[in-house]
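Here is the structure we will look at, set down as structure tokens.
The values are calculated or read from the model by the stated rules, or taken from the named source; none is laboratory data. Small disclaimer: the values here were computed from a predicted structure and weren't measured. Ideal geometry is used to build each Cβ from the backbone, glycine not excepted, and the neighbour counts take in all protein chains shown. Side chains are part of the model used for accessible areas, which takes the heavy atoms of the whole protein and leaves out ligands, DNA and RNA. Shrake-Rupley method; radii C 1.70, N 1.55, O 1.52, S 1.80 Å.
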Amino acid sequence: MIKLPAKPAIDFYEIDSSNPVNLPFVGNISHGFPLPSDDYMDRLISLDEQLIKHPDATIMGRVSGNSMRDAGLQEGDVLIIDRMLKVENGEIGIFRIDGEYLCKRLVLADGRVELHPENKRFKPMVFDENCMPTDFMCVGRVTYIIKKVQKL
Amino acid sequence: MNTKEMYALVDCNNFFASCEISGDPKLFGKPVGVLSNNDGNIIARSKELKDLGVAMGAPPFLIKDVLIANKVELLSSNYELYGDLSQRVFNILCTFSPDTERYSIDEVFQKYFGFEYFNLKEHGTKIKDTVYRCTGIPVCVGFAPTKALAKVANRIAKKFAQLGGVCVIDTEAKRDWALRWTKVEDIWGIGRAHTRRLDALGIKTAYDFVNKLPEEWVRKNMTIVGLRLQRDLSGKSSIFFEDIKAKKNIVSSRSFAQNTNDFEYMRERAYTYAVNAAEKLRRDNSQCAEITVQVQTNYFREDRAQDFEAQSMKLEYPTNSSIQLGRAAVQILERIYKPGYLYKKVVVMLHKISPDDSRQLTLFRNEKPLEKHLMKVIDQINRRQGRHTVMFGAQDTKEPIKMKRSNLSKRYTTKWDEMLTINCNK
């Protein structure tokens with residue numbers, strides 16, 4: 001019987017597995033005819049990769065209320081918010097106004113900043129030189145909405 | 001002055017408090033304080049809380065009136081949140097310079113070599129704006145030809161609002177002014193003992209320290225570390241990343257939820273702190289050769305007997321094994337524990353820290369190789385399955401959840417159930 005040395009003669013380096021890459025199963029290699037589709041194998045779709053372009057600048061938030069209903073944002077939906085992206089005219093963004101994170105559509109017109117809801121029961125917030133909130137910051141652009149499909 | 005090779009120090013403003021504000025918009029513009037473990041002392045303050053004159057380390061019960069009168073928001077330490085935001089800030093900074101090194105949870109050093117055609121003031125402003133936009137964390141940036149000067153530049157950026165959070169020391173005149181402005185006690189790495197000593201010699205500012213003290217004196221009285229600091233401040237780069245990393249000690253300690261003289265409880269705590277400190281060592285790929293344990297009674301209770309005894313132990317060989325360090329900590333505690341006192345705290349410190357690969361060979365003994373593998377496996381499991389998945393027999397498995405965090409904010413970046421609420425009621 002061969003006795004293995006206490007310390008391995010070869011240094012084994014560890015693979016960094018902290019950030020897993022999903023790979024599909026590739027046919028059976030050892031015997032038989034290989035699957036022709038193996039030539040077309042691809043990486044699995046990663047939602048993180050598709051939906052989050054700037055991981056270090058992305059946060060998520062849960063919708064409370066229905067002022068953005070007509071844009072498809074319902075109570076309990078999860079919003080993906082990219083803080084790296086500026087909110088441009090016509091886009092939906094998160095704004096910090098007087099101590100709250102609000103979700104609105106940004107409309108810029110005639111030197112005014114308007115934050116529009118997407119529900120007729122709510123009124124737009126209109127700001128200009130004469131009327132600005134004491135605390136205002138544009139947090140980031142809403143890039144995706146995640147909804148859980150509900151049973152009727 | 002050589003401005004081809006510049007360093008930057010990026011430092012987060014009031015980091016823990018800023019993290020809390022980023023997760024709760026209600027806190028913006030308010031006096032906010034963050035409490036230490038077990039909600040003991042105020043360890044971070046928003047600008048508004050500093051303006052109220054509340055000191056760092058103040059125990060809330062002593063300043064209750066101020067806190068109530070000013071509606072100060074006090075929060076428990078949310079280390080999950082701070083850790084994640086610290087990582088995000090670091091990652092974003094990495095996009096600005098190829099050479100970026102974390103110095104502490106809220107400070108990052110960067111090298112800017114070959115950036116002489118860049119306007120560093122503009123570059124710094126871009127760094128600051130990007131970090132703030134992406135994370136909500138305000139930072140200040142200091143540029144200078146050496147690290148110690150970058151630290152000085154950062155201080156200036158923090159103190160003078162008109163600089164817009166960015167300060168560049170790139171001429172002799174600016175360096176001169178900055179050194180005259182910096183008091184000795186504010187120089188990076190000069191502690192209280194050295195400050196007193198230098199003060200007695202008439203050395204009051206960084207300018208005096210650089211220009212009035214001969215190198216031989218500094219080397220003799222403040223070791224090579226002091227000498228490097230002096231050279232660094234004079235504009236000759238002498239402090240490198242490795243230097244500042246290696247000299248640190250690791251301290252692990254928390255106040256007990258209640259003052260106690262229960263030895264079993266204290267033994268468990270000492271062991272656990274040693275395990276935590278050992279984890280930190282392994283995370284930095286380092287090892288230590290000496291361990292100190294100290295017991296502390298409550299110094300606010302002048303009516304009670306006080307005991308602050310500490311003892312150190314040299315280890316047989318440098319190690320980062322939780323088992324070795326835990327055992328050593330308990331041995332020391334057995335020596336210094338006295339039954340007649342009510343203790344508030346036990347502190348475990350590791351010293352003589354060196355990189356794990358520079359191990360000195362001991363002839364007759366060596367670390368059990370098995371422990372090395374064991375530690376690696378334990379670290380892996382705890383990293384993947386969450387901290388405290390694997391603990392040691394000498395530890396109380398229920399203790400991690402007992403930590404008093406009565407006002408913990410949402411861990412909005414790491415817990416699905418605690419994400420931000422977006423108000424759509426307006």
- Item | segment A:57-77: number of residues that are within 11 Å of the chain's Cα centre (by Cα) and of a type outside the set (Ser, Thr, Tyr) | 4
- Message: B:Arg155 - would you say it is in contact with a Phe, Trp or Tyr (Cβ under 9 Å, 6 or more places away or on another chain), under 27 Å from B:Asp51 (Cβ atoms) and open to solvent by 50 Å² or more (accessible area, probe 1.4 Å)?
- Response: yes
- Can you give me the number of residues within segment B:160-216 that are in a loop (DSSP other than H, G, I, E, B) and more than 28 Å from B:Asn13 (Cα to Cα)? 6
- Message: Condition (residue is touching a Phe, Trp or Tyr at 6+ places or on another chain (Cβ under 6 Å), more than 26 Å from B:Ile127 (Cα to Cα), more than 9 Å from chain B (Cβ to nearest Cβ) and at pLDDT below 95) applied to segment A:107-121: is it met by at least one residue?
- Response: yes
- Query: Does segment B:405-426 hold any residues that are more than 7 Å from every other protein chain (Cβ to nearest Cβ), surrounded by 15 or more Cβ atoms within 10 Å (Cβ to Cβ) and touching a Ser or Thr at 6+ places or on another chain (Cβ under 7 Å), and which are they?
  - Reply: B:Arg405, B:Leu408
- So is B:Val275 over 23 Å from B:Ser104 (Cβ atoms), of a type in the set (Val, Ile, Thr) and open to solvent by less than 60 Å² (accessible area, probe 1.4 Å) or not? no
- Check segment B:395-404 and report whether any residue there is within 14 Å of chain A (Cβ to nearest Cβ) and in contact (Cβ under 8 Å) with a residue 12 or more places away in the chain. no
- Note on the structure: Exactly one of B:Gly40, B:Gly33 is within 21 Å of B:Gly136 (Cα to Cα), open to solvent by less than 60 Å² (accessible area, probe 1.4 Å) and either hydroxyl-bearing (Ser, Thr, Tyr) or touching a residue at least 24 places away in the same chain (Cβ under 8 Å) (or both), and that one is B:Gly33
- Query: Would a scan of segment B:255-275 turn up a residue that is modelled with pLDDT under 85, touching a helix residue (DSSP H, G or I) at 6+ places or on another chain (Cβ under 6 Å), assigned to a strand (DSSP E or B) and not aliphatic (A, V, I, L, M)?
  - Reply: yes
- Message: So for segment B:134-150 (the condition being assigned to a helix (DSSP H, G or I), within 14 Å of another protein chain (Cβ to nearest Cβ) and within 30 Å of A:Val87 (Cβ to Cβ)), does at least one residue qualify?
- Response: yes
- In segment A:65-77, which residues are within 7 Å of chain B (Cβ to nearest Cβ) and among the aliphatic types (A, V, I, L, M)? A:Met68, A:Leu73
- Item | Verdict on B:Lys121 being closer than 23 Å to B:Thr171 by Cα, assigned to a helix (DSSP H, G or I) and within 14 Å of another protein chain (Cβ to nearest Cβ) | no
- Task: Take the residues in segment A:122-152 that are free of Cβ contacts under 8 Å to residues at least 12 places away in the same chain and either open to solvent by 70 Å² or more (accessible area, probe 1.4 Å) or of a type in the set (Ser, Thr, Tyr) (or both), then tell me which one is nearest to the other protein chains (Cβ to nearest Cβ).
- Result: A:Lys123
- Item | All positions within segment A:78-96 that are open to solvent by 10 Å² or more (accessible area, probe 1.4 Å) and either at the interface with chain B (Cβ under 9 Å from one of its Cβ atoms) or among the small types (Gly, Ala, Ser) (or both) | A:Met84, A:Lys86, A:Gly90, A:Arg96
- Residues in segment B:302-310: is at least one at pLDDT below 90, surrounded by 15 or more Cβ atoms within 10 Å (Cβ to Cβ) and among the aliphatic types (A, V, I, L, M)? no
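Being open to solvent by 60 Å² or more (accessible area, probe 1.4 Å), assigned to a helix (DSSP H, G or I), modelled with pLDDT under 90 and closer than 30 Å to B:Asp24 by Cβ, is that true of even one residue in segment B:385-396?
Yes, that holds for at least one residue.
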- Residue identified as modelled with pLDDT of 70 or more, farther than 30 Å from A:Glu100 by Cα and either of a type outside the set (A, V, I, L, M) or over 27 Å from the mean Cα position of the chain (by Cα) (or both) among A:Tyr40, A:Tyr13: A:Tyr40
- Query: When you go through (1) facing another protein chain (nearest Cβ under 7 Å); (2) part of a loop (DSSP other than H, G, I, E, B) one by one for A:Arg62, which number turns out not to apply?
  - Reply: (2)
- The one condition in (1) within 14 Å of another protein chain (Cβ to nearest Cβ); (2) modelled with pLDDT of 90 or more that B:Asn382 fails to fulfil: (2)
- Look at segment B:322-349 and say how many of its residues are touching a strand residue (DSSP E or B) at 6+ places or on another chain (Cβ under 9 Å) and not in a strand (DSSP E or B). 14
- Across segment A:45-74, what is the number of residues that are touching a helix residue (DSSP H, G or I) at 6+ places or on another chain (Cβ under 9 Å), open to solvent by 50 Å² or more (accessible area, probe 1.4 Å) and not hydrophobic (A, V, I, L, M, F, W, C)? 3
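Okay, residues lined up against (1) open to solvent by 70 Å² or more (accessible area, probe 1.4 Å); (2) modelled with pLDDT of 95 or more; (3) over 21 Å from B:Ile21 (Cβ atoms):
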residue: B:Gly53; (1), (2), (3): no, no, no
residue: B:Met56; (1), (2), (3): yes, no, no
residue: B:Pro60; (1), (2), (3): no, no, no
residue: B:Ile68; (1), (2), (3): yes, no, no
residue: B:Asp84; (1), (2), (3): no, no, no
residue: B:Tyr103; (1), (2), (3): no, no, yes
residue: B:Asp106; (1), (2), (3): no, no, no
- Item | Residue that is in contact with a strand residue (DSSP E or B) (Cβ under 9 Å, 6 or more places away or on another chain) and at pLDDT below 90, where the choices are B:Glu367, B:Glu399 | B:Glu367
